[in-house]
1. If a/c stays under 1.5 just call it rounded; otherwise compare a/b with b/c (prolate if a/b is bigger, oblate if not). Do that for the range 261-335, with a ≥ b ≥ c from the square roots of the Cα gyration tensor eigenvalues.
2. Which whole-number percent is the relative contact order of the chain (Cα, under 8 Å, 6+ apart)?
3. For helix 42-57, report the angle its Cα long axis makes with the longest principal axis of the Cα atoms of the chain; keep it between 0 and 90° and round to the nearest 10°.
4. What's the ranking of 348-359, 79-90, 119-130 by average number of surrounding C-beta atoms within 10 Å, highest first?
5. Restricting to DSSP loop positions (anything but H, G, I, E, B) with no more than 14 other Cβ atoms inside 10 Å of their own Cβ, which trypsin sites (Lys or Arg not before Pro) remain in the range 124-172?
6. What shape does the range 222-363 take by its C-alpha gyration tensor, where a ≥ b ≥ c are the square roots of the eigenvalues and a/c under 1.5 counts as rounded, a/b above b/c as prolate, and the rest as oblate?
7. Apply the a/c threshold of 1.5 to the C-alpha gyration tensor of the range 300-345 and tell me whether it is rounded, prolate or oblate.
8. Could you give the dipole magnitude of the range 249-300 about its Cα centre, charging the beta-carbon of Lys and Arg +1 and that of Asp and Glu -1, in debye to the nearest 20?
Amino acid sequence: MKRVLMIHLVVGIFLVLAAPGWSADKPEYKFRMQVIHSPGHTDFVQNVKTAEKVMEATNGRLKIEVVPNGTIVPSLEGFQACGEGIFEMHSSWPVYAKGVEYAFLPLSSGNLQMDAHDRYVWLYEYGGWDLLQKAFDKINLKLLAVEVWGTEVLMANKPFQSLEEMKGKKMRTSDPRLLSKNDIAGITLPLEEVFTGLATGSVDMAEFGHLKYNEGLGLTDVADYGIWPDFWNVHFVTTVVVNKRAWNKLPKDLQMILQMAYRSDEFNHWTKSQWTSAEAMQELKKEGKMDFIRMDEEQFIPLRKQMHEIEKKDMEKYGGLTAEVYESMYDFMEIWYPYKAKSAWWGQTLTPEQQMGFEPGKR
């Protein structure tokens, strides 16, 4: 009897060891993931670490190889390439796919739009997620996670205080709509060309990401000023998506692990963008490399009304999902903004010293 049990035990162990896809060397599923970032960016590192967590959580059954921007296709072709199955996963700015579906613009960006807090509430509580998935359905992609970015900063070599001072200038941006209405030339350079554009003076100013991200692009080396608030491309988003055919091949447990892993890092992405940018600002100020400016918000009151008119024209022009997205946002704002204003943090209008209750360095 003991011999029979021993034989069964040995056979059982053999079957477990021989089962395909249960080791790092022989995973059951292999995905390639091109991200928009370069290895020097914290966003690239985060995607690599998430892939490692997926590998561990699936006990080696699903391996994701993360490669930087441009490894397989150029940045502007990433979503379409993923949808066609050239690689299985992708992370980038959905606005790059607005040629396929214009609604990707309001879904992920926009002049004088919602901040990160607003956008997350809209995405998770007011149907924004489903609208974004509806857009990705047109490219054969499954939405896994939405990374709302921290506050962007404008890089410039002149201390612009207003849009009036920017008239006649050229600005690299992802959304030129409001600029063109105010006699500012909006140039939509892709990531690969932003540094050269600012360094050579082919653009007078450039927005791209939060301060730490721009430092990684080298923009802080060729700019004298960092300017806020980010009226041009407010708290835009990157998304993590997977090719639907590849997704459907995964068993339910791996699908759940994959989605939970990337969605769980959404908030980490936001906090890291904010904290590393705060550190970067301190270092750049200490080294005397840059000055930082905040423009007067009063000028944005009439500009937001102007932007609303631009959005309504886009709704008429593109209709369909674009109109549906804006209608959803407007309905959300009517409920959310009065509450947001009334429940705002107690220190919102105070100086940093008033918020802290002490002078820096004098605790």
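The values are calculated or read from the model by the stated rules, or taken from the named source; none is laboratory data. Bear in mind that the values here come from a model prediction, so they are computed numbers and not experimental data. Please note: Cβ atoms are built from the backbone with ideal geometry, for glycine as well, and neighbour counts cover all protein chains shown. The protein model used for the area step is the full one, side chains on, heavy atoms only, and it has no ligands, DNA or RNA in it. Shrake-Rupley method; radii C 1.70, N 1.55, O 1.52, S 1.80 Å.
1. Numbers: a/c = 3.19, a/b = 1.57, b/c = 2.03.
It is oblate, given that a/c is not under 1.5 and a/b is not larger than b/c.
2. Values: 570 pairs, mean separation 70.8, N = 363.
Once normalised by length, the contact order is 20 percent.
3. Roughly 20 degrees between the two axes.
4. Details: 348-359: 9.8, 79-90: 20.6, 119-130: 17.0.
In decreasing order of mean packing, 348-359, 79-90, 119-130 become 79-90, 119-130, 348-359.
5. Details: sites: LYS134, LYS138, LYS142, LYS167, LYS169, LYS170, ARG172; in loops: LYS167, LYS169.
The qualifying sites are LYS167.
6. Values: a/c = 1.92, a/b = 1.29, b/c = 1.49.
Here the range 222-363 falls in the oblate category.
7. Working: a/c = 4.55, a/b = 1.63, b/c = 2.78.
Oblate shape, in that a/c is at least 1.5 and b/c is the bigger or equal ratio.
8. Details: 8 positive and 10 negative charges, 81 e Å.
Result for the range 249-300 is approximately 380 debye, rounded to the nearest 20.
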